Structure formats: structure tokens, C-alpha cells
Amino acid sequence: MLSGAPSVPLTYLDQNALIRLGLLARQAAFRKKLDAALTSGLTIIVSSWHLVETAHTDNLSKALELAEFIDSLNPSWLLERWDIQRLDVEEDFNRFAGLNYPRKPRIATRSAAFASLSQTKDSPKFDIPSANFVRQWIQHPEQLAVLDKTYENNVNSLIRLREIVKAGQLTNEIRRRVDELIVQYALPTTTPAGLDVGRGLRIDYVQQVRIEVIPTLAIETAISEHEWTAQGGADRNTLIDKMHLIAALPYVDEIVSEDKFFHSMYPIAKKTGHVRAVLMGNAEFLKRF
């Protein structure tokens, strides 16, 4: 739990767990129990990617029903993975530079989460019901195609890395350079107070950076290195699961999922020392209602 926070777990549902809960909530008796749990402190965490997945259908009515169900849970929203990684790098840099600033939240409002997905600042235009986002994406699939391009690029990168590892070409020097490039891209140019960081300080930080102490980067590295040597495909759903896993593991208390990928990667991620979440199945979670 976060220091000073009430002893109520932050519970992140994967897409299938969310759908299962929504189907059960169609029953009035179950919905009453669910509402009682929400009133008593159950805090559901979702992310913008849940709605992206919800929009991947031709069935508009079912998609809108799920989006409306999500909002009925009054959830909190996990920021987009890359924004969380940038915040993790910023915190590590501040420690290195001796800058003392309050931790920025990784879990925020729906509006802030969708501003993050759009790579822009939060504003009133993002403070709209989840169903509006889903309807827009279903009616304009070209907008979803832009997001899907990210997955395609990740698949291609994973295939190339597997080939490099198989050929014995992934040296420690190459790994170090990749780490430095990732951190350079994520580094802030100014302090939270708006002061210029300075090129020299940035260079000094990058030269000594240790990926293993930066939560989401450490977890992503551990999972990715396992994937590089793993057999099997790198499909779209696997990459979505990977994004959810990396972003959620350090910052929620529970992840509810039956997904084999989640369960196979969890012990690997846990070895990093940055995993906060307990992984559980649907049956265990639903016993609460």
C-alpha cells in the first residue's frame, strides 16, 4: 500500500476479468453486492487500453454496454505505459541530482489517462464518458489503426531481437547502449520547478544509469529478455498483455487475470523486486461478492 493510504487494495482487472464481471453484473442480486463492495472501498483500476480493446469489435451495442459498465464502477485510471516509464525515469534522475519533489501519481482520472494516450495535456475535451471514446473508435477505425501500428512495430522488434540473440550478436555493449537510448528518450529536460536540467547533468546521469532500479524499465527488460529466447509467436494480444503487466505490476495491489501470459511472466517480473501486485484468478476475486 502507499504510505498514508487506507488499507483498501487497488484492484486491476484485465479485459477478460472485466467482461466477466460485467456479465455477472447484469444480474440484479450480483449488481447489488458489487455496488456494496464499491461503496465499502473496492477500488477498481483500469486503463485506456481497456477501452481500446472494447472498441475492437463490430458489435457497437455490446461495446457501449461494456464501456458504460466500466464507468459505473467509478474506476481510477492507470496512465499509459510510456508515461509511467517517463515518470519512473524522472524520479530516478531526481534522486541522482539530489532534487526532492513529491512523487507524481501513476493512477489518475479518466480524463488524464486519455490525454496521456493522446500524448497531450489534460483538458476538458477528454472529460467525457468512456462510451464516447469507444463509439468514436468503432465509427472511425482509422483512429484505432494508428494505435495498432504500435503493436505491429513491437512484434517486428521482438522478431528481430530473437534473431540477434540466436546469432549471438546481442553483446553487453549493445545492451548497455540500448538502455542508455531508452533513458535518454525518457529524461526530462526541466525539473518539476521548470529549471533547465542542463546537458552535462543529463550526460552524467545516463552514463551511470542502472535500468534494474527503475521499476517499469526493470520489469520490461526482464520480460523482454525472456521473450527474446522464448519459442512461439508474438501476437497482438500477447503484446497488449505485456503492456498491461509492465504498467500495472509496480503500482496496483492486485491483478485479476486468467491469462497464461500473465501467469508465466509474473515470476520473472517478480524477481526484479519491483512487483507490488498479487496475481489472482477470477474465481478468487469473485468469492468477495
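Out of everything in segment 81-129 that is surrounded by 13 or more Cβ atoms within 10 Å (Cβ to Cβ) and farther than 28 Å from HIS274 by Cβ, what residue ends up being modelled with the highest pLDDT?
Taking the candidates together, the pick is PRO129.
Kindly check whether there is at least one residue in segment 27-47 that is in contact with a strand residue (DSSP E or B) (Cβ under 6 Å, 6 or more places away or on another chain), surrounded by 15 or more Cβ atoms within 10 Å (Cβ to Cβ) and at pLDDT below 95.
Yes, that holds for at least one residue.
Would you be able to tell me the number of residues in segment 251-278 that are under 25 Å from ARG103 (Cβ atoms), touching an Asp or Glu at 6+ places or on another chain (Cβ under 8 Å) and not β-branched (Val, Ile, Thr)?
Qualifying residue count, segment 251-278: 2.
Filter segment 120-136 for residues that are of a type outside the set (Phe, Trp, Tyr) and not in a loop (DSSP other than H, G, I, E, B); which is nearest to ASP71 (Cα to Cα)?
Among them, the one singled out is SER130.
In segment 205-225, which residues are farther than 19 Å from ALA248 by Cα, in a helix (DSSP H, G or I) and in contact (Cβ under 8 Å) with a residue 40 or more places away in the chain?
TYR205, GLN208
Going by what's in this entry, would ASN132 be described as at pLDDT 85 or above and over 19 Å from the mean Cα position of the chain (by Cα)?
Yes: the conditions hold for ASN132.
Read through the list (1) touching a helix residue (DSSP H, G or I) at 6+ places or on another chain (Cβ under 6 Å); (2) farther than 20 Å from ALA145 by Cβ; (3) touching a residue at least 60 places away in the same chain (Cβ under 8 Å); (4) not charged (D, E, K, R), then give the number of the only condition that SER76 fails.
Of everything listed in (1) touching a helix residue (DSSP H, G or I) at 6+ places or on another chain (Cβ under 6 Å); (2) farther than 20 Å from ALA145 by Cβ; (3) touching a residue at least 60 places away in the same chain (Cβ under 8 Å); (4) not charged (D, E, K, R), SER76 misses just condition (1).
Looking at segment 267-286, I want the residues that are within 13 Å of ARG20 (Cβ to Cβ) and surrounded by 18 or more Cβ atoms within 10 Å (Cβ to Cβ) and have a partner that is of a type in the set (Val, Ile, Thr) and at pLDDT 95 or above with Cβ atoms under 7 Å, at least 6 apart or on another chain. Which pairs are those?
PHE285/VAL256
The values are calculated or read from the model by the stated rules, or taken from the named source; none is laboratory data. Here the structure is a predicted model, which means the values were calculated and not measured. Cβ coordinates were reconstructed from backbone atoms using ideal geometry, including for glycine residues, and neighbour counts include every protein chain displayed.
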